[in-house]
Amino acid sequence: MLKRLIPDTIAGRALVVLILGLTISHILSMALYFTDRTAALLLTGGEHIAERVATIGRIIEKSPPSDRGRIVELAEDRRLRISLTGESAIDPQQTDGWRIRILRSKLQSHLGSVNEQTFKLRYLEREAVDADLAPGFEDAHIVEVSLQLSDGSWLNFTAPVYPTDPLLSLRFVLSVVVMLAA
């Protein structure tokens, strides 16, 4: 049966080898593109989240305690949930994983010379997101940041990070089909 699939001519065999080589090369390059794209989107999203957390944190830190609740209301939007509490909303702190390392470095660069004990991070995969924890963010990964203010209170942030399309998507299949047709 396998002999019927392999052509008898040299030109036919060369064509099969060429098509197989191009297909494997294309699939590998698409996989590399997908992983680079995922990391780039997290870097960009992490940069944006870190910048907003640091800016809002500085504004609230410099504001009188009586104005902080109103500032939190004004700063919050559909892409960033903020709360001001007496303790961190994150317990225990997540310390491992490449996503946490990226987010921690971005946050430290925006916060300046703060002690790592004054902020906590957690990254939740889409499957681990509880609807009660982050209503409206059920289809996203979640980044949580708790930032301790000088008076001991905590500013808690919850932000969605929307995942990229899975590697085996319609776009991927169409890309392989177009490459084979060409």
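The values are calculated or read from the model by the stated rules, or taken from the named source; none is laboratory data. As the structure is a computational prediction, the values presented were derived from the model and not from experiment. Using ideal geometry, Cβ is built from the backbone for each residue, glycine included, and neighbour counts are taken over all protein chains shown.
Kindly establish whether residue 48 is within 22 Å of residue 120 (Cα to Cα) and assigned to a helix (DSSP H, G or I). Walk me through how you get there before you give the answer.
Working: within 22 Å of residue 120 (Cα to Cα): yes; assigned to a helix (DSSP H, G or I): yes.
In short, yes.
Take the residues in region 105-120 that are in contact with a strand residue (DSSP E or B) (Cβ under 6 Å, 6 or more places away or on another chain) and crowded, with 18+ Cβ neighbours inside 10 Å; name whichever of them is modelled with the lowest pLDDT.
Of the residues in region 105-120, the ones in contact with a strand residue (DSSP E or B) (Cβ under 6 Å, 6 or more places away or on another chain) are 118-120.
Filter once more, so that each one left must be crowded, with 18+ Cβ neighbours inside 10 Å: 119-120.
Working: 119: 82, 120: 86.
If we take residues in region 105-120 being in contact with a strand residue (DSSP E or B) (Cβ under 6 Å, 6 or more places away or on another chain) and crowded, with 18+ Cβ neighbours inside 10 Å, then 119 is modelled with the lowest pLDDT.
Every residue in region 81-103 that is in contact with a helix residue (DSSP H, G or I) (Cβ under 6 Å, 6 or more places away or on another chain) and in a strand (DSSP E or B), please.
Once the filter is applied, which keeps residues that are in contact with a helix residue (DSSP H, G or I) (Cβ under 6 Å, 6 or more places away or on another chain) and in a strand (DSSP E or B), region 81-103 yields 82, 84.
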